[in-house]
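A.B. asks: My questions all concern the structure below.
The values are calculated or read from the model by the stated rules, or taken from the named source; none is laboratory data. Source: prediction; values computed, not measured. Glycine gets a Cβ as well: all are built from the backbone with ideal geometry, and neighbour counts include every protein chain shown.
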């Protein structure tokens, strides 16, 4: 009896330290990203002897970004995997890669990410969020029920805008748009009823969420680059022992390297896939492209003026792209 009691007492510190990190994501269950997260969770649990595990809540069951962050603040959740802009309220320059009409192709994205990914990760951690690497979200394109070549075409459309996205709201205002603001879960129904007839999204999202089935055109203009990331609030992460923190960082950083690479290939394939589903490609004229760019630059400068993006980080981005383009790469 005494030996049993002593053995139970010896186990108590281990049991007390057992932590389940609860993570929300909009990615649907069964997608490659969710599968990879669950696999990483299994590895973490094994390598920490059960002291740390992950529980993933996929498909937006915990609500939109604002609802999720409220739950994180009260400890109901510990982190989320979301688009980078979801963390802009904590670290404004986390949205530097989302500057509209800045990148011409993925090679330019990679040149910028090589320099800026570490700064985004560092900035998030300094502002209370531990992250593990960025995941390619692809370029967002306008998809619509009627052709959109120029800004006047888009202004005539019932354009969807995600709720809680202040940067997009400011950009829409600068572009003289009157968007319809909805939660992401309402988009498909709204497309079906005609409440909206246009949206800007990466093709992979349009395929996964079936939005492509309710539009007929895709505009050949990479409106902006998107990315996702997993971030755990630091006050929750810091409750883990130093050794367990190192395990979580190592396993998740390795997992996200793979997720990022796989997502890039999926995003490239998704553009072809939506075309194969019958969406017609429409191309703006050179004059229309120039107009898009003028307004995009105006929207970006407005972000700086409003304090939603630092001039220093924007200058860094422009310097990286200028050096890359001048190198002839």
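A.B. asks: Regarding residue 133, is this residue farther than 22 Å from residue 195 by Cα, at pLDDT below 95 and in contact with a strand residue (DSSP E or B) (Cβ under 6 Å, 6 or more places away or on another chain)?
C.D. replies: no
A.B. asks: Go through the residues of segment 210-219 one by one and say whether even a single one is in contact with a strand residue (DSSP E or B) (Cβ under 8 Å, 6 or more places away or on another chain), in a loop (DSSP other than H, G, I, E, B), surrounded by 20 or more Cβ atoms within 10 Å (Cβ to Cβ) and in contact (Cβ under 8 Å) with a residue 60 or more places away in the chain.
C.D. replies: yes
A.B. asks: Residues in segment 188-200: is at least one under 25 Å from residue 28 (Cβ atoms), under 18 Å from the mean Cα position of the chain (by Cα), in contact (Cβ under 8 Å) with a residue 60 or more places away in the chain and assigned to a strand (DSSP E or B)?
C.D. replies: Yes, there is a match, as at least one residue in segment 188-200 is under 25 Å from residue 28 (Cβ atoms), under 18 Å from the mean Cα position of the chain (by Cα), in contact (Cβ under 8 Å) with a residue 60 or more places away in the chain and assigned to a strand (DSSP E or B).
A.B. asks: Another question about this same structure. Go over the candidates 204, 247, 251 one by one and state the one that is within 27 Å of residue 143 (Cβ to Cβ) and in contact (Cβ under 8 Å) with a residue 24 or more places away in the chain.
C.D. replies: Step by step, each of 204, 247, 251 is checked, and only 204 is within 27 Å of residue 143 (Cβ to Cβ) and in contact (Cβ under 8 Å) with a residue 24 or more places away in the chain.
A.B. asks: Still on this structure, please answer the following. Which of the residues spanning segment 94-121 are assigned to a loop (DSSP other than H, G, I, E, B) and buried (at least 16 other Cβ atoms within 10 Å of the Cβ)?
C.D. replies: The answer is 99, 100, 101, 102, 103.
A.B. asks: Given 159, 175, 154, 182, which one is modelled with pLDDT under 90, over 25 Å from residue 265 (Cβ atoms) and in contact with a strand residue (DSSP E or B) (Cβ under 7 Å, 6 or more places away or on another chain)?
C.D. replies: 182 is the lone residue from the list that is modelled with pLDDT under 90, over 25 Å from residue 265 (Cβ atoms) and in contact with a strand residue (DSSP E or B) (Cβ under 7 Å, 6 or more places away or on another chain).
A.B. asks: Would you please list the contacts, defined by Cβ atoms under 7 Å and residues six or more apart or on different chains, that run from a residue in segment 291-306 that is assigned to a helix (DSSP H, G or I) to a residue that is loosely packed, with under 14 Cβ neighbours inside 10 Å?
C.D. replies: Pairs found: 304/311.
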